[in-house]
1. Say a label goes 7 Å from Cα toward Cβ at residue A:120 in every copy; what distances in nm does this one have to the rest, shortest first?
2. For segment B:244-299, rounded, prolate or oblate, judged on the Cα gyration tensor with a ≥ b ≥ c (square roots of eigenvalues), a/c < 1.5 rounded, else prolate if a/b > b/c?
3. Averaged over B:29-40, how many beta carbons belonging to a partner chain fall within 10 Å of each residue's beta carbon?
4. If you average the alpha carbon positions of segment B:215-252 and of segment B:132-183, how far apart do those two centres end up, in angstrom?
5. Sorted from shortest, what are the nm distances separating the label point of residue A:176 from equivalent points in the other copies, each placed 7 Å from Cα along Cα to C-beta?
6. Using only Cα atoms and rounding to the nearest 10 degrees, what angle (0 to 90) does helix A:69-78 make with the longest principal axis of chain A?
7. Give the shape of chain A as rounded, prolate or oblate, defined through the alpha-carbon gyration tensor: a ≥ b ≥ c are the square roots of its eigenvalues, a/c under 1.5 means rounded, and otherwise the shape is prolate if a/b is larger than b/c and oblate if not.
8. Distance from the Cα centre of segment B:42-97 to that of segment A:24-99, in angstrom?
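All of the numbers you see were taken from the coordinates with simple rules; none came from a lab. Remember, it's a predicted structure, so these values are computed and weren't measured experimentally. Note: ideal-geometry Cβ built from the backbone for every residue, glycine included; neighbour counts use all protein chains shown.
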């Protein structure tokens, strides 16, 4: 599970932050969450091929989350893509893709599968589940949670008690198959523990803090939550249906997540120190995302690697 | 007359080159020629406010020249613009603006005046003229020429011969007013020389080399011409209706321009040395545009200032 931030600004981009975009590499899939203007070029900087993206998840249809879609799709066509592209988003996706498909002269040779979604299971594969809720923004905004399916614990003592001999039958039962022992059928559920989930990340899109976010983010390894404003601008957060970093931290605490990563930072602030420190007062394990920051989740631990644009480092030096 | 390149790539952006966009500051106007994806952010880097742009001229409707329009317009709205925005472009502009106006949820409080144009005079003010031709691309592509109106020379000897006394009457006649001298009307055309033009720049958009470009660019101080390909890829230039740098240089030579600036460079090349040198063999005073390069035309001389992104410098160092 590897996360790369392509853009971390709110409505107005800055020299340091491009519009929203997050890449999630997960099993064999490369997924893109939101696609602000300039995403195709940010991918170049991040050395990720746009051709590898097979699923795009949009939180909502404000420009800073979707204006890169036209360029990304045209670029895929230009490079000769033939594989289907799956796009997920709230109500209105079909209209949006229709607009994008008419933006200038171009030709693509691949299908775009449009998935207008609400709340519930968005995708379930053998390996993972993606679940969505509608959060609290001034337009429909979908928050996504992605979590690994993990086999329940195998109750070894219970199996032995039921007469299952130590050996290949253990593996079969753990993989969900029945076995026959001396003419008696042993079912997996007899020897398996409670359902478990593996690594989990949650992305809020744009939202006011809300209970549904707490429930969706519950026990996440990483919660990526918007934090457009500092606490002193809470009135603006309320007016524009965004969150302050303090409010995001409250959600992280209530949801018992391991790491909170703040993004969608307003370009009005010349430093993100207040954003970070105000959150840390409430939830210690907080980071503020930068463009090109990477997070690798390995064995229950999230490792963060900052990889700012060279220009930024030079200017700060 | 001050030119700033915001983007200099062709269809695919690179780390070093964003999609097409050129700012021209001219008298009190700030004009934008083409508006590729990411233009609003490039403006931030160039320290030019998008609010100052009052006229946008589009060459044609391929994505790399227009996908930044939606973001730029939404950004103007977000910042509270109320002044009209004038957009010029070939046939199809109304449809394009309709698409852009439906790309996501947003609200703007200013009018967009749509000017679908063909060949001829696009704008004539007291100070300058903008003229257009349709060049040779695989879709309608407009090339623009912008030139200063310059008063014709005042024929002092002729005026004296006609009995005009040295004094304020000279100024009136030079400014196009008639004067009466001893009951006799003297008309300006009797004492003015041939029509003259002042500083002139020409921008090709995307095109094969063509005679109309030579005619449009004639005697320009600066010709900004596309040079997508090196000479060895001339077959691709022909196939995709673009120019090689050699071909652009031939146009510059035939049009007797002072400075040729090459742009729209394919990202397939890791260096622009061949692009430059192949052109220089034919037309010595050639430069290859970089993002954020500025050209100031002062007293018949064009001064170039390179202002590459710090990241580029650092990586090259």
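1. 5.9
2. Verdict is oblate for segment B:244-299.
3. Across B:29-40, the average partner-chain Cβ count within 10 Å equals 3.
4. Value for the Cα centre distance between the two parts: 33 Å.
5. 8.2
6. Taking the Cα atoms of chain A, the angle to A:69-78 is about 80 degrees.
7. In terms of gyration-tensor shape, prolate.
8. 23 Å
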